[in-house]
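A short write-up of the structure that comes next.
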Amino acid sequence: MSSIVLFGPPGAGKGTQAARITQTTGLPQVSTGDMLRAAVKNGTKTGIEAKKYMDAGKLVPDSIIIDLIKDRVQDPDAVKGLMFDGFPRTIPQAEALSNIIEVTHVIAINVPDERIVERICGRYSCGSCGIVYHDTFNPTKQDGVCDECGSTDMKRRADDNEDTVLQRLSAYHEQTSPLADWYDGLGILRNVNGDKAIDEITKDILIALN
Ligand code: AMP
């Protein structure tokens with residue numbers, strides 16, 4: 001069983017790359033951001049609590065996130081391992097994960113801060129299949145129509161605005177970026193330049209995984 005962590009600032013392209021890498025590795029993609037947004041949409045107790053933090057661009061408390069992951073690893077498809085996208089985001093989350101599942105590769109997708117705001121503020125996704133697009137860097141071929149599934153249900157995230165992005169970026173630097181050293185100390189961190197064409201980044205990640 002091998003599990004992968006995709007690590008990087010908000011807007012680094014973790015979700016986009018995870019959706020591609022999952023096709024090669026067969027490991028299911030686990031995005032705590034997607035799980036939380038589903039909980040918010042369904043109005044669950046977790047969703048109501050998490051929404052306060054998400055709207056403010058702050059990290060949701062570790063206990064909530066760790067409970068979500070403990071439940072997720074019980075699903076039958078987790079037996080071969082999982083690909084985590086946006087988790088762990090703090091040292092306590094990484095410590096908890098190490099007691100739950102073995103992480104064999106951590107891929108850090110590096111993008112400079114000055115590129116993050118333009119990346120996040122232009123992004124949208126298909127409400128049906130979840131593929132992520134960008135107004136400038138990766139638009140749909142036909143305006144408003146998903147290339148993958150043909151849906152016209154395009155969505156923008158409530159927290160993808162300039163104010164929240166700056167808060168999310170500062171949470172990343174203060175609470176999440178120390179994880180790079182933590183995983184490097186375990187000898188499983190691989191760095192990838194995320195400021196390139198999407199296909200090239202995918203190639204680099206696949207090389208780093210081998
Ligand atoms: P994401 O979709 O990964 O950008 O996450 C969106 C928001 O969900 C973040 O800004 C946090 O508020 C929250 N979130 C997602 N994953 C985590 C996590 N592992 N730890 C804490 N908060 C998280």
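Bear in mind that the values in this text are calculations on the coordinates, not laboratory data. Bear in mind the structure is a predicted one, so any value in this text is a computation, not a measurement. Quick reminder, even Gly has a Cβ in these numbers, built from the backbone with ideal geometry, and neighbours come from all protein chains shown.
Worth a mention:
- Taking 0.36 nm per residue of separation and subtracting the current Cα-Cα distance, fully stretching the chain between residue 75 and residue 98 would add 6.5 nm.
- For the pair residue 193 and residue 91, a Förster radius of 41 Å applied to the C-beta separation gives a FRET efficiency near 0.95, rounded to the nearest 0.05.
- The chain: C-alpha gyration tensor shape, a/c 1.5 cut-off, then a/b vs b/c: rounded
- Of 58/80; 14/155; 14/52; 80/155; 45/70; 80/196, those spanning more than 28 Å from alpha-carbon to alpha-carbon: 58/80; 80/155; 80/196
- Remark on residue 84: its backbone amide H falls under 5 Å from those of 4, 5, 6, 30, a criterion applied only to residues 5 or more positions apart or on other chains, H modelled at 1.01 Å from N.
- Total formal charge among the other residues, if their Cβ is under 10 angstrom from that of residue 88, Lys/Arg +1 and Asp/Glu -1: -1
- Alpha-carbon centroid distance for the pair the stretch 152-199 / the stretch 1-16, whole angstrom: 8
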